[in-house]
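The values are calculated or read from the model by the stated rules, or taken from the named source; none is laboratory data. No experiment lies behind these values; they were computed from the predicted model shown. All Cβ positions, even for glycine, are placed from backbone atoms using ideal geometry, and neighbour counts span all protein chains on display. Note: areas computed on protein heavy atoms with side chains; ligands, DNA, RNA excluded. Shrake-Rupley method; radii C 1.70, N 1.55, O 1.52, S 1.80 Å.
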Amino acid sequence: MGRKPNYKNQAFIDKVSAKILELAEEQELKQEVIAELFQADDNRQIGRVLRGETNFGISELERFAKILNVHPKTFLDFDWE
């Protein structure tokens, strides 16, 4: 049996990413600062998350919550069907 493709809901990713970006902008945190706090090897990785270009994991969501000093559930506070 072949490998199944990874599940990816782009609309959901876009909403979570937009929420992270919104909170970062409210705190006037630039991508470079977030990358440094995130301890990312490359700040392009953070840019891809903020633009919704990558299907990041729960651990990364928790790291963003710590950096932005919010509860992780804050990232899921949007209209959803």
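Descriptive notes on the structure:
- Carbon and sulfur %, accessible surface of the chain computed with the full protein complex present, 1.4 Å: 49 percent
- For the chain, the relative contact order is 34 percent, taking Cα pairs closer than 8 Å that sit 6 or more residues apart in sequence and dividing their mean separation by the residue count.
- Over the chain, DSSP H runs of length four or greater, each weighted -39,500 (n - 2.57), average out per residue to a 222 nm ellipticity of -16500 deg cm²/dmol.
- Average accessible surface area per residue within the chain, 1.4 Å rolling probe, Å²: 76 Å²
- Segments 74-80, 11-17, 43-49 sorted - mean Cβ within 10 Å per residue, highest first: 43-49, 11-17, 74-80
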